[in-house]
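What follows is one structure encoded as structure tokens, with my remarks underneath.
The values are calculated or read from the model by the stated rules, or taken from the named source; none is laboratory data. Predicted model only: the values in this text are computed from it and were never measured. So basically every Cβ, Gly included, is an ideal-geometry build from the backbone, and we count neighbours across all protein chains shown.
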Amino acid sequence: MSERIDVLGVGFDNLTMDEAVETAYNLQRERRAAYVVTPNPEIVMICRENPDAAKAVEAAALTIPDGIGVIYGAKILKTPLKEKIPGCDFALKLMDRMQSEGRSVFLLGAKPGVAEQAAENLAARFPQLRIAGTNDGYFRDDAPVIEKINAASPDLLLVCLGAPKQEIWMHRNAPQLHVGVMIGAGGSLDVFAGVVERAPEAWQRAGLEWLYRVLKEPKRIGRMMNIPKFMLKVLFVRKK
Ligand code: UDP
């Protein structure tokens, strides 16, 4: 395991994108339903107030920084992280790495119909990847969903229920799941299905993906207020 870097109570693995993909690939081969979390500043702030979320994030086998805010935070705290690893790109790279061996993926989450559309698009993009199954993210009981996933026994399970629901779900259910590895990947299925657009690359490179999302979905502004709160907290901690 790599050295973890603390950013306001969440320990991040200090890896490049390629190193993180390789680590997840190896976890998948171990088949012990270990899971990857991809916290952004919003999730770091949620963990400070929600002990279940904090425990779930802490128990992850791999914690990668999704979003430029965490990278800035780590830099200001004088413990820089190697690079930003957007969960969505990370999941795509892992699926690309897995497809040559005909590995399988199960897509869990998003509104009805979205996971199926995402599956179609992923199958076109990665022809050797096996789609083991899909399920929307608006179910009440875990048991039938777990049964369905276990019957499919996928190498990778993408859990896209939003934060911190997905982290808590993976933590609670990992012991009963027969899967290789899981990733809590937020809105990735919406992106893979083409329901939500990623920011243009220039915006991503400029570290402005968050601004693009607020402009596209102004209702996110309330949630996004966690970003300035996160930055102020980082500056406060550094001063002490
Ligand atoms: N979602 C879900 N079940 C729920 C709540 C949310 O499947 O009970 C899905 C939602 O449809 C969306 C994703 O979870 O596809 C959350 O997306 P968001 O962009 O909010 O991700 P976050 O910013 O939390 O990573």
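Apart from one condition, Pro112 fits all of (1) in contact (Cβ under 8 Å) with a residue 40 or more places away in the chain; (2) surrounded by fewer than 21 Cβ atoms within 10 Å (Cβ to Cβ); (3) within 13 Å of the ligand (Cβ to nearest atom); the exception is (1).
Got a sec? Which of Met182, Met224 is at pLDDT 95 or above and under 27 Å from Pro41 (Cβ atoms)?
Working: Met224 fails: at pLDDT 95 or above.
Exactly one of Met182, Met224 is at pLDDT 95 or above and under 27 Å from Pro41 (Cβ atoms), namely Met182.
For Asn150, the conditions (1) away from the ligand (no atom under 16 Å from the Cβ); (2) within 13 Å of the chain's Cα centre (by Cα) all hold with the exception of (2). Residue count for segment 55-72 under the criterion of being more than 26 Å from Val191 (Cα to Cα) and of a type outside the set (Lys, Arg): the result is 2. If the condition is being touching a Leu at 6+ places or on another chain (Cβ under 6 Å), in contact (Cβ under 8 Å) with a residue 60 or more places away in the chain and within 14 Å of the ligand (Cβ to nearest atom), then segment 26-83 contributes Val36, Val44. The one condition from (1) more than 14 Å from Pro41 (Cα to Cα); (2) out of contact with any helix residue (DSSP H, G or I) (no Cβ under 7 Å at 6 or more places or on another chain) that Leu211 does not meet is (1).
Sort out which residues of segment 208-220 are within 13 Å of the ligand (Cβ to nearest atom) and either free of Cβ contacts under 8 Å to residues at least 24 places away in the same chain or surrounded by fewer than 16 Cβ atoms within 10 Å (Cβ to Cβ) (or both), and write them in order of number. Outline the logic, then answer.
Initially, segment 208-220 is screened for residues within 13 Å of the ligand (Cβ to nearest atom), giving 209-210, 212-214, 216-217, 219-220.
Matches in segment 208-220: Tyr212, Arg213, Val214, Lys216, Glu217, Lys219, Arg220.
Name the residues in segment 84-117 that are among the hydrophobic types (A, V, I, L, M, F, W, C), farther than 16 Å from Met182 by Cβ and touching a Leu at 6+ places or on another chain (Cβ under 7 Å), would you? Within segment 84-117, just Val114 meets the criteria.
Of the residues that sit in segment 122-141 and are assigned to a helix (DSSP H, G or I) and surrounded by 14 or more Cβ atoms within 10 Å (Cβ to Cβ), which one is farthest from the ligand (Cβ to nearest atom)?
Step one: of segment 122-141, the residues assigned to a helix (DSSP H, G or I) are 122-125.
Among the residues that remain, those that are also surrounded by 14 or more Cβ atoms within 10 Å (Cβ to Cβ) are: 122-123.
Values: Leu122: 15, Ala123: 19 Å.
Going through the qualifying residues, I end up with Ala123.
Evaluation of Leu211 against the conditions (1) within 16 Å of Ala91 (Cβ to Cβ); (2) at pLDDT below 90; (3) among the aliphatic types (A, V, I, L, M) shows that the sole unmet condition is (1). Residues considered: Val159, Val191, Val181, Val196. Of these, the only one that is closer than 21 Å to Ile85 by Cα, under 17 Å from the mean Cα position of the chain (by Cα) and more than 16 Å from the ligand (Cβ to nearest atom) is Val181.
Among the residues of segment 98-109 satisfying the criterion of being under 17 Å from the mean Cα position of the chain (by Cα) and either within 12 Å of the ligand (Cβ to nearest atom) or charged (D, E, K, R) (or both), which is nearest to Glu22 (Cα to Cα)? Write out each step before concluding.
Taking segment 98-109 and keeping what is under 17 Å from the mean Cα position of the chain (by Cα), we get 105-109.
Next, from what is left, pick out any that are either within 12 Å of the ligand (Cβ to nearest atom) or charged (D, E, K, R) (or both): 107-109.
Values: Leu107: 21, Leu108: 23, Gly109: 25 Å.
Within segment 98-109, the match that is nearest to Glu22 (Cα to Cα) is Leu107.
Residues in segment 126-153 that are touching a residue at least 24 places away in the same chain (Cβ under 8 Å) and not hydroxyl-bearing (Ser, Thr, Tyr): 17 in all.
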